Amino acid sequence: MSIRLWIDDREVLAEPGERILEVAQRQGISIPTLCHHPALPVLGACRVCLVEVQQGKRREITTACNTLVQEGMRVATDTAEVRGHRAMNLELLRARAPEAPAVRELATQLGVARSRFRPPAQNPLPNCILCELCVRACAHLGHHALAAVGRGDKKRIGLPHNRPAEACVGCGSCLSVCPTRCILLKETATTRTIWGQTFELVRCKSCGAPVMTEAQRAHAIRTKQLPEDHDDTCELCKQSAASQRLASVVW
Amino acid sequence: MGCRTCELACSFVHSRAGALGRPRIRIHAQGRGLEAGVIKDRYLQLTCLQCAEAACAKVCPTQALVRDETTRAIVLVAERCIGCGLCEAACPFGHMHFDRQIRLPLKCDLCGGSPACARFCPHHALEIRP
């Protein structure tokens, strides 16, 4: 049974269990987001996707990413009030992440040229907007190495209890999904440092180029049932090996 | 011939994705050999094989690598990718390159059915067949 609702006065059909954001996106209606990732569980942390929802007599401003669609719902994605709320939240986010292009771009679009707020005094992770995409990606990969630590203005993202986490394999997925790219990852020819932990890199057995971290490889072998000697070759050496095999067939 | 125009064409058409200089097709020199009585340089081109049972798609934890029904290529749905790099490790032929700057894998997508490498090959050594 499909659900019928209206988004910006357009009648749309959705399936039960779907959320306003995904239905709107399918209709080509764009709603700004910072903490949403289609492959990860929704959280509703950034408060940028706010929309106005009218259900019967009740009217509220709520997040589109985690609100389930309901029969007869009327959603407005671009009213002055909605824009005002989004602008307020972006002004707060802009204070927190003044150097993040994604935040700056959205803020500018909503007319937030500068922020009246100040960033937290002691922030170990500047430009972090606490969206927890990194936490969710890490959990999705089965590592569970990251968490939101502390409460209130002391809340930040880090390793639980601030201790080195054995669960972290140094894959860098947290950085890949970070909308502000605020996580520090340093790589030398032999090591990768992230979240204050340094990992040894597997070196290509033919050319010595860094491939991935030892821990990452061990985790991949364990969870993906790969052979023990898996991936000790860089992609270019894998290619040359393949080309030599092919050459011996051709000539 | 080994002119590498295909590599250049590939890098160029995908440069918007921030991958200039990282072609998804590569020419591998294979020394020299005798062909019809003439000594010639030997080259092989290698690019993604769009495997029937693709290792990259199999290890992807978010199903970000999917088969395009029209081109039959395995394509990256960038919005679903969480940049873990497992696909690069999984490909046995070395055709997945995880770009550490943009933090996405670079993957041959057959240019949506009309590959630039084949279009620009001056010797018509590359072609796409259904």
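The values are calculated or read from the model by the stated rules, or taken from the named source; none is laboratory data. Just so it is clear, the model here is predicted, and its values are computed rather than measured. Glycine also receives a Cβ, built like all others from the backbone with ideal geometry; neighbour counts cover every protein chain displayed. When the accessible area is computed, the model is the full protein with side chains, heavy atoms only, and any ligands, DNA or RNA have been set aside. Shrake-Rupley method; radii C 1.70, N 1.55, O 1.52, S 1.80 Å.
Per-atom-type breakdown for chain A gives carbon and sulfur 51% of the accessible area (1.4 Å probe, protein chains only). When the surface is traced with a 1.4 Å probe over the full set of protein chains, A:Glu105 keeps roughly 120 Å² accessible. Positive contributions from Lys and Arg (+1) and negative ones from Asp and Glu (-1), summed over other residues with Cβ under 10 Å from the Cβ of A:Ala148, come out at +2. Spin-label model, A:Arg222/A:Ala167: points 7 Å from Cα along the beta carbon direction are separated by 1.3 nm. Loop-located trypsin sites (Lys or Arg not before Pro) across the range A:52-93 with a Cβ neighbour count of 12 or fewer within 10 Å are A:Lys57, with loop assigned by DSSP. Both radii were evaluated on the Cα set of the range A:133-247; the Rg over Rh quotient, with Rh as the Kirkwood radius, amounts to 1.06. Relative contact order, whole percent, for chain A stands at 12, derived from Cα pairs under 8 Å and 6 or more residues apart.
The Cα atoms of the range A:1-119 define a convex hull whose projected area, averaged across directions, is 7.8 nm².
Solvent-accessible surface (1.4 Å probe) assigned to A:Lys238 amounts to roughly 20 Å².
Expressed in Å, the radius of gyration and Dmax of the Cα atoms of the protein assembly as shown are 24.2, 88.
Annotation for the B:A interface, with buried accessible surface near 2800 Å², both sides summed [1.4 Å probe; non-protein components not counted]. Listed by chain and number, the lysines whose C-alpha is less than 27 Å from the C-alpha of A:Lys224, apart from same-chain residues fewer than 8 away, are A:Lys186, A:Lys205, A:Lys238, B:Lys58, B:Lys107.
At a threshold of 40 Å², the residues of the range A:13-50 that become less accessible to a 1.4 Å probe in the full protein assembly than in their chain on its own are A:His37, A:Pro38, A:Ala39. Helix A:80-96 axis versus longest C-alpha principal axis of chain A: approximately 40°, rounded to the nearest ten. Ordered by 1.4 Å accessible area with all protein chains kept, B:Arg24, A:Arg222 run largest first as A:Arg222, B:Arg24. Normalised by 2.2 N^0.38 Å, where N is the number of residues, the C-alpha radius of gyration of chain B stands at 1.13. Average accessible surface for chain B: 54 Å² per residue, computed with a 1.4 Å probe over protein heavy atoms with every protein chain in place. Ligands, DNA and RNA excluded, the heavy atoms of B:Ile128 present near 80 Å² of accessible surface to a 1.4 Å solvent probe. Protein heavy-atom accessible surface, 1.4 Å probe, per residue over the range A:163-251: 52 Å². In plain terms, the chain from B:Gln101 to B:Cys51 could stretch by 15.3 nm, reckoned as 0.36 nm per residue minus the Cα-Cα distance. Taking 0.36 nm per residue of separation and subtracting the Cα-Cα distance, full extension of the segment from A:Arg4 to A:His144 would add 46.6 nm. Using the Cβ-Cβ distance between B:Cys3 and A:Arg59 with R0 = 56 Å, the FRET efficiency computed as 1/(1 + (r/R0)^6) comes to roughly 0.30. Output the residues of the range A:196-238 meeting this criterion: accessible area (heavy atoms, 1.4 Å probe) in the chain alone minus accessible area with all protein chains in place is 50 Å² or greater. Buried by the other chains: A:Lys224, A:Glu235, A:Lys238. In the protein assembly as shown, helical runs assigned H by DSSP with n ≥ 4 each contribute -39500 (n - 2.57); averaged across all residues and rounded to the nearest 500, the mean residue ellipticity at 222 nm is -7000 deg cm²/dmol.
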